[in-house]
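Colleague: Can you keep this structure in mind? I'll have questions shortly.
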Amino acid sequence: MSRPSCLYKFARTMISRNDARSVRALIITITFALNLTVYMPSQLGSPNKSMTTPSDTPAPTSTPQTSRIEPQVPKELLDPILNEAAKLAKVPREQLIIVRAEAAVWNDGSLGCPEPGMQYTQALINGYWVVIRAAEHTYDFRVDRGGTFRLCPEGRGRPPLPSNAQ
(Lines give C-alpha, C1' and ligand atoms only; values in the text may rest on other atoms or scores of the structure.)
Protein backbone atom coordinates (compact mmCIF):
# COMPACT_ATOMS: atom_id res chain seq x y z
CA MET A 1 0.00 0.00 0.00
CA SER A 2 1.41 3.37 -0.95
CA ARG A 3 2.00 6.10 1.63
CA PRO A 4 -0.79 8.41 0.44
CA SER A 5 -3.47 5.68 0.57
CA CYS A 6 -2.21 4.50 4.00
CA LEU A 7 -2.36 8.07 5.26
CA TYR A 8 -5.85 8.51 3.80
CA LYS A 9 -7.17 5.37 5.55
CA PHE A 10 -5.57 6.46 8.82
CA ALA A 11 -7.08 9.96 8.51
CA ARG A 12 -10.57 8.57 7.84
CA THR A 13 -10.29 6.29 10.87
CA MET A 14 -9.10 9.11 13.12
CA ILE A 15 -11.75 11.55 11.96
CA SER A 16 -14.54 9.01 12.49
CA ARG A 17 -13.45 8.55 16.13
CA ASN A 18 -13.66 12.33 16.67
CA ASP A 19 -11.82 12.48 19.98
CA ALA A 20 -9.04 14.88 20.97
CA ARG A 21 -6.32 12.24 21.08
CA SER A 22 -7.23 10.99 17.63
CA VAL A 23 -7.14 14.47 16.16
CA ARG A 24 -3.72 15.13 17.75
CA ALA A 25 -2.42 11.82 16.39
CA LEU A 26 -3.71 12.75 12.95
CA ILE A 27 -1.98 16.14 13.02
CA ILE A 28 1.31 14.58 14.16
CA THR A 29 1.10 11.87 11.49
CA ILE A 30 0.39 14.33 8.68
CA THR A 31 3.20 16.62 9.85
CA PHE A 32 5.60 13.68 9.96
CA ALA A 33 4.55 12.50 6.48
CA LEU A 34 5.00 15.98 5.02
CA ASN A 35 8.46 16.31 6.59
CA LEU A 36 9.52 12.97 5.12
CA THR A 37 8.81 14.18 1.60
CA VAL A 38 11.33 17.02 1.98
CA TYR A 39 14.19 14.59 2.62
CA MET A 40 13.21 11.81 0.21
CA PRO A 41 15.13 11.32 -3.08
CA SER A 42 13.47 13.08 -5.99
CA GLN A 43 14.35 10.35 -8.51
CA LEU A 44 15.59 6.79 -8.15
CA GLY A 45 19.37 6.77 -7.89
CA SER A 46 19.57 10.57 -7.94
CA PRO A 47 20.03 12.58 -4.73
CA ASN A 48 17.53 15.31 -3.97
CA LYS A 49 19.05 18.72 -4.68
CA SER A 50 17.90 19.87 -1.23
CA MET A 51 20.33 17.36 0.31
CA THR A 52 23.46 19.19 -0.87
CA THR A 53 25.60 20.95 1.69
CA PRO A 54 27.83 24.01 1.42
CA SER A 55 30.83 21.69 1.09
CA ASP A 56 29.23 20.39 -2.15
CA THR A 57 29.29 23.92 -3.54
CA PRO A 58 32.03 24.29 -6.14
CA ALA A 59 34.92 26.51 -5.16
CA PRO A 60 34.63 30.06 -6.46
CA THR A 61 36.55 30.79 -9.60
CA SER A 62 36.86 34.50 -8.98
CA THR A 63 39.94 36.24 -7.74
CA PRO A 64 40.07 37.73 -4.25
CA GLN A 65 38.40 41.13 -3.83
CA THR A 66 35.58 39.99 -6.16
CA SER A 67 32.32 38.34 -5.19
CA ARG A 68 31.33 35.34 -7.26
CA ILE A 69 27.65 36.28 -7.07
CA GLU A 70 25.48 39.31 -6.63
CA PRO A 71 24.08 39.04 -3.09
CA GLN A 72 20.31 38.85 -2.55
CA VAL A 73 20.75 39.76 1.10
CA PRO A 74 20.01 43.37 2.09
CA LYS A 75 23.19 45.38 2.66
CA GLU A 76 22.23 46.25 6.26
CA LEU A 77 22.09 42.51 7.05
CA LEU A 78 25.11 41.50 4.97
CA ASP A 79 27.56 44.12 6.34
CA PRO A 80 27.75 42.76 9.93
CA ILE A 81 28.20 39.22 8.55
CA LEU A 82 31.06 40.33 6.33
CA ASN A 83 32.65 42.13 9.28
CA GLU A 84 32.38 38.97 11.40
CA ALA A 85 33.84 36.77 8.63
CA ALA A 86 36.78 39.18 8.17
CA LYS A 87 37.39 39.14 11.92
CA LEU A 88 37.26 35.31 12.07
CA ALA A 89 39.55 34.91 9.05
CA LYS A 90 41.84 37.74 10.21
CA VAL A 91 41.82 39.31 6.76
CA PRO A 92 40.59 42.65 5.38
CA ARG A 93 36.98 42.65 4.19
CA GLU A 94 38.18 43.19 0.62
CA GLN A 95 39.67 39.67 0.62
CA LEU A 96 36.34 37.97 1.36
CA ILE A 97 34.62 36.02 -1.42
CA ILE A 98 30.86 35.70 -1.21
CA VAL A 99 30.08 32.17 -2.38
CA ARG A 100 26.38 32.32 -1.56
CA ALA A 101 24.08 35.11 -0.34
CA GLU A 102 20.46 34.24 -0.94
CA ALA A 103 17.02 34.31 0.58
CA ALA A 104 16.07 31.01 2.20
CA VAL A 105 13.19 29.34 3.98
CA TRP A 106 14.44 27.25 6.89
CA ASN A 107 12.58 24.17 8.07
CA ASP A 108 12.60 25.30 11.72
CA GLY A 109 14.05 27.80 14.18
CA SER A 110 17.50 26.16 14.05
CA LEU A 111 17.96 27.76 10.60
CA GLY A 112 19.27 24.44 9.33
CA CYS A 113 22.00 24.34 11.96
CA PRO A 114 20.70 22.55 15.04
CA GLU A 115 22.77 22.41 18.20
CA PRO A 116 22.63 19.13 20.14
CA GLY A 117 20.22 19.25 23.07
CA MET A 118 18.45 22.41 21.90
CA GLN A 119 14.78 22.73 20.99
CA TYR A 120 13.61 25.03 18.21
CA THR A 121 10.45 26.60 16.88
CA GLN A 122 8.76 24.08 14.60
CA ALA A 123 7.69 26.45 11.86
CA LEU A 124 9.04 27.65 8.55
CA ILE A 125 11.45 30.56 9.09
CA ASN A 126 12.21 33.12 6.39
CA GLY A 127 15.80 34.25 6.33
CA TYR A 128 19.05 34.09 4.40
CA TRP A 129 21.95 31.74 3.74
CA VAL A 130 25.34 33.41 3.43
CA VAL A 131 28.51 31.44 2.67
CA ILE A 132 31.82 33.30 2.60
CA ARG A 133 35.29 32.07 1.70
CA ALA A 134 38.39 33.70 3.17
CA ALA A 135 41.94 32.57 3.85
CA GLU A 136 41.22 28.99 2.68
CA HIS A 137 38.26 28.69 5.08
CA THR A 138 34.54 28.64 4.35
CA TYR A 139 32.17 30.36 6.76
CA ASP A 140 28.52 29.26 6.67
CA PHE A 141 26.21 31.89 8.19
CA ARG A 142 22.50 31.41 8.85
CA VAL A 143 20.39 34.55 9.19
CA ASP A 144 16.80 35.18 10.23
CA ARG A 145 14.69 37.97 8.70
CA GLY A 146 15.50 40.27 11.60
CA GLY A 147 19.22 40.08 10.87
CA THR A 148 20.25 37.84 13.76
CA PHE A 149 22.95 35.56 12.40
CA ARG A 150 25.04 32.66 13.57
CA LEU A 151 27.99 30.77 12.19
CA CYS A 152 27.13 27.15 11.47
CA PRO A 153 30.01 24.80 12.31
CA GLU A 154 31.30 22.72 9.42
CA GLY A 155 29.40 19.48 8.96
CA ARG A 156 26.41 20.49 11.09
CA GLY A 157 24.46 22.53 8.55
CA ARG A 158 21.52 21.40 6.48
CA PRO A 159 20.33 23.27 3.42
CA PRO A 160 17.12 25.33 3.41
CA LEU A 161 13.94 24.04 1.85
CA PRO A 162 14.06 23.90 -1.94
CA SER A 163 12.46 26.94 -3.55
CA ASN A 164 9.73 24.80 -5.18
CA ALA A 165 8.64 23.44 -1.75
CA GLN A 166 7.65 26.85 -0.31
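The values are calculated or read from the model by the stated rules, or taken from the named source; none is laboratory data. This one's a predicted model, so the numbers in the text were calculated from it and none came from an experiment. Please note: Cβ atoms are built from the backbone with ideal geometry, for glycine as well, and neighbour counts cover all protein chains shown.
Colleague: Before we move on, is Asn48 under 17 Å from the mean Cα position of the chain (by Cα), of a type outside the set (Ser, Thr, Tyr) and either closer than 19 Å to Pro160 by Cα or at pLDDT 50 or above (or both)?
Modeller: On the way: under 17 Å from the mean Cα position of the chain (by Cα): yes; of a type outside the set (Ser, Thr, Tyr): yes; either closer than 19 Å to Pro160 by Cα or at pLDDT 50 or above (or both): yes.
So Asn48 fits the description; yes.
Colleague: Same structure again: Just need a number here: residues in segment 111-166 that are assigned to a strand (DSSP E or B) and either in contact (Cβ under 8 Å) with a residue 40 or more places away in the chain or of a type outside the set (Gly, Ala, Ser) (or both).
Modeller: Number satisfying all stated conditions: 21.
Colleague: So Leu111 ticks every box in (1) in contact with a Cys (Cβ under 9 Å, 6 or more places away or on another chain); (2) surrounded by fewer than 21 Cβ atoms within 10 Å (Cβ to Cβ) but one. Which box is left unticked?
Modeller: (2)
Colleague: Which one of these is surrounded by 15 or more Cβ atoms within 10 Å (Cβ to Cβ), at pLDDT 95 or above and over 16 Å from the mean Cα position of the chain (by Cα): Val131, Val91?
Modeller: Testing whether each residue is surrounded by 15 or more Cβ atoms within 10 Å (Cβ to Cβ), at pLDDT 95 or above and over 16 Å from the mean Cα position of the chain (by Cα) leaves just Val91.
Colleague: Between a first residue in segment 82-100 that is assigned by TED's automatic domain parsing to the domain that holds Arg150 and aliphatic (A, V, I, L, M) and a second residue that is assigned to a helix (DSSP H, G or I) and at pLDDT 95 or above, which pairs have beta carbons less than 7 Å apart while being 6 or more apart in sequence or on different chains?
Modeller: Pairs found: Leu82/Arg93; Ala86/Arg93; Leu96/Leu82; Leu96/Ala85; Leu96/Ala86.
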